[in-house]
Amino acid sequence: MKIRAGYTISYGLGAPTPMLLLLSVHPSRRGDLIKPDTLNTDPYVEVTQYFDNFSNVVSRIVAPPGQITLSSDFIIEDSGVPDIQDPSAREVPVQELPSDVLPFVLGSRYCETDQLSSLAWSLFGGVTPGWERVQAVVDYAHRRIEFGYHHARPTKTAFQAHEEQKGVCRDFAHLSMTLLRCLNIPARYCTGYLGDIGVPPVDAPMDFSAWIEVYLEGRWFTFDARHNKPRIGRIVMARGRDATDVAISTAFGTADLLRFDVVTEEVQETPDA
């Protein structure tokens, strides 16, 4: 299938402001692009890019005073296959983990493994290691948190989300990811596009989404504690230890959000006449 995706985001600035942007499709999906994912700016400013430590594409700009609008509109080829499931996938002992996977078994800014370790082992220590244990953690986070955009708070941590029992997709991701790390199972944070493809449409504005990837049997598998079911059409933009590493924008100054529109939809192709 083909998916059209993109965004239009506007900021208001009182002075020239350097910004870092993680809005590009992740390099692992660049080969699937049919129409390029190009960061456009209005007014025009120079855009330079580099790869961060997690292989994400970071764009650098200096936004001028006034309003700046960032946009992209691309088409990408997708398999149309739901998230891969492998109930037989086994955990990998810590001593056998590749060195580049080890950071994802440690605590981080939003993932307080020290505060949730006892809970994790008391709830899941007796569950069969591997896929069954991971799914039990994801099920728990799915039940524990009530979703609502009005529950969003940029400083909310996994422990706070657990205690408040309310949050948005990033909180589901942080909680499930932290509990897994407490159990010595590597888990990393993902952000990107996830449209209402193959599921009933939701009567709410489209937004970027957050989910996690878990390392089992020598590879990464997708889990999503908010939706808790395999989905079609995920387009990853960035991966990291938690939301800190994948912030869509970081402004070195004051930047007021004026507009935020995201599009993710299947392209309905008409048969040739």
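The values are calculated or read from the model by the stated rules, or taken from the named source; none is laboratory data. As the structure is a computational prediction, the values presented were derived from the model and not from experiment. Here Cβ is always computed from backbone atoms with ideal geometry, including for glycine, and neighbour counts include all displayed protein chains. These area figures cover heavy atoms from the full protein model, side chains too; ligands, DNA and RNA do not enter into them. Shrake-Rupley method; radii C 1.70, N 1.55, O 1.52, S 1.80 Å.
Structure notes:
- Loop-located trypsin sites (Lys or Arg not before Pro) in segment 110-164 whose Cβ has at most 16 other Cβ within 10 Å (DSSP): none
- Counting only protein heavy atoms and a 1.4 Å probe, the chain has 47 square angstrom of accessible area per residue.
- Phi-derived couplings, Karplus 6.51 cos²θ - 1.76 cosθ + 1.60 at θ = phi - 60°, listed residue by residue for segment 124-141: 10, x, x, 7, 3, x, x, 4, 4, 5, 4, 5, 5, 5, 5, 4, 5, 4 Hz, with x used for Gly and Pro.
- Rounded, prolate or oblate (a/c below 1.5 giving rounded, otherwise prolate when a/b exceeds b/c) for segment 26-91 by Cα gyration tensor: prolate
- Close amide H contacts of Phe54 (hydrogens built in the peptide plane, cut-off under 5 Å, sequence separation of 5 or more or a different chain): none are found.
- Carbon and sulfur %, accessible surface of segment 14-116 computed with the full protein complex present, 1.4 Å: 53
- Its residue count N sets the reference 2.2 N^0.38 Å, and the alpha-carbon radius of gyration of segment 1-119 equals 1.44 times that reference.
- Across the accessible surface of segment 135-273, with the other protein chains kept in place and a 1.4 Å probe, carbon and sulfur atoms take up 49 percent.
- Neighbour net charge for Asp100 - beta-carbon separation under 12 angstrom, K R +1, D E -1: +2
- Across every direction, the projection of the convex hull enclosing the Cα atoms of segment 183-228 has a mean area of 4.1 nm².
- With K and R counted +1 and D and E -1, the other residues having a Cβ less than 12 Å from that of Ser71 yield a net charge of -3.
- Volume per residue of the C-alpha convex hull in segment 136-273, rounded to whole Å³: 163
- Normalised size of segment 96-185, defined as Cα radius of gyration per 2.2 N^0.38 Å with N residues, equals 1.05.
- Partner lysines for Lys2 [C-alpha distance under 25 Å; skip if fewer than 8 residues away on the same chain]: Lys35, Lys229
- Nearest-20 debye value, the chain charge dipole, Cβ charges on Lys, Arg, Asp, Glu: 480
- Estimated translational D of the chain in µm²/s (Stokes, Kirkwood radius over Cα pairs; 25 °C; 0.890 mPa s): 125
- Estimated inter-spin distance, Asp73 and Glu96, nm [label 7 Å along Cα→Cβ]: 5.0
- Prolate/oblate/rounded call for segment 200-253, Cα gyration tensor, a/c under 1.5 rounded: oblate
- Segment 68-196 - charge dipole about Cα centre, Lys and Arg +1 at Cβ, Asp and Glu -1, debye rounded to 20: 480
- Sequentially through segment 175-188, phi angles give Karplus couplings (6.51, -1.76, 1.60; θ = phi - 60°) of 5, 4, 5, 5, 4, 5, 5, 4, 8, 6, 10, x, 9, 10 Hz, Gly and Pro residues having no value and appearing as x.
- Scanning the chain for chymotrypsin sites (Phe, Trp or Tyr not before Pro) that sit in a DSSP loop and have at most 14 other Cβ atoms within 10 Å, the longest stretch containing none of them is 45-251.
- Relative to the compact-globule estimate of 2.2 N^0.38 Å, the Cα radius of gyration of segment 1-45 comes out at 1.44.
- Most mobile of Leu20, Leu257, Leu97 in a GNM of the chain (Cα contacts under 10 Å): Leu257
- Rounded to the nearest 20 debye, dipole of segment 1-159 from Cβ charges on Lys, Arg, Asp, Glu: 340
- Sequence-distant residues sharing a close amide H with Asp242 (under 5 Å, placed H): Tyr189
- Whole-Hz couplings from phi, Karplus 6.51/-1.76/1.60, listed for segment 16-21; x for Gly and Pro: x, 9, x, 9, 10, 10
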